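A quick write-up on the structure given underneath.
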């Protein structure tokens, strides 16, 4: 059962996309100092849209890899929000609000992660964003 995207927050919006962004920044920094390595690079310019697109592509590729592994290993993935109803029973609410009970011999519970605001640093969508809001704003040009 998966609420949104296989791989959760870390793979889709947190750790992995952030590492991809950091790698782009590192490559940019290398190009600015290429002469130190005996390489001439004239006027490196970053393209933030392309940087974001690459970061999203890295995350999407990894999520698709998880989808492939689930299928290959004959693991059923049910999209929706789930809760344990009883031993071996999972109640899943789909995005349209429909509820179903699924039974399974083995159920793995991985609750995932989410941003937590600190009392002195509230998430204000201006100076401080959580990862999901950051990607939403960037993809919709709201920042």
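The values are calculated or read from the model by the stated rules, or taken from the named source; none is laboratory data. The structure displayed is predicted, hence computed values, not measured ones. When we count neighbours, we look across all protein chains shown, and the Cβ atoms used for this are built from the backbone with ideal geometry, even at glycine.
Can you tell me which of 6, 21, 11 is in a helix (DSSP H, G or I) and within 10 Å of the chain's Cα centre (by Cα)?
Just a single option satisfies the conditions, and that option is 11.
Any idea which of 64, 72 is assigned by TED's automatic domain parsing to the domain that holds residue 2, without any contact (Cβ under 8 Å) to a residue 12 or more places away in the chain and surrounded by 11 or more Cβ atoms within 10 Å (Cβ to Cβ)?
64
Condition (residue is modelled with pLDDT under 95 and assigned to a helix (DSSP H, G or I)) applied to the range 41-49: is it met by at least one residue?
yes
On the basis of being loosely packed, with under 14 Cβ neighbours inside 10 Å and either within 30 Å of residue 108 (Cβ to Cβ) or in the same structural domain as residue 94 (by TED's automatic domain parsing) (or both), does residue 32 make the cut?
Criteria not met by residue 32.
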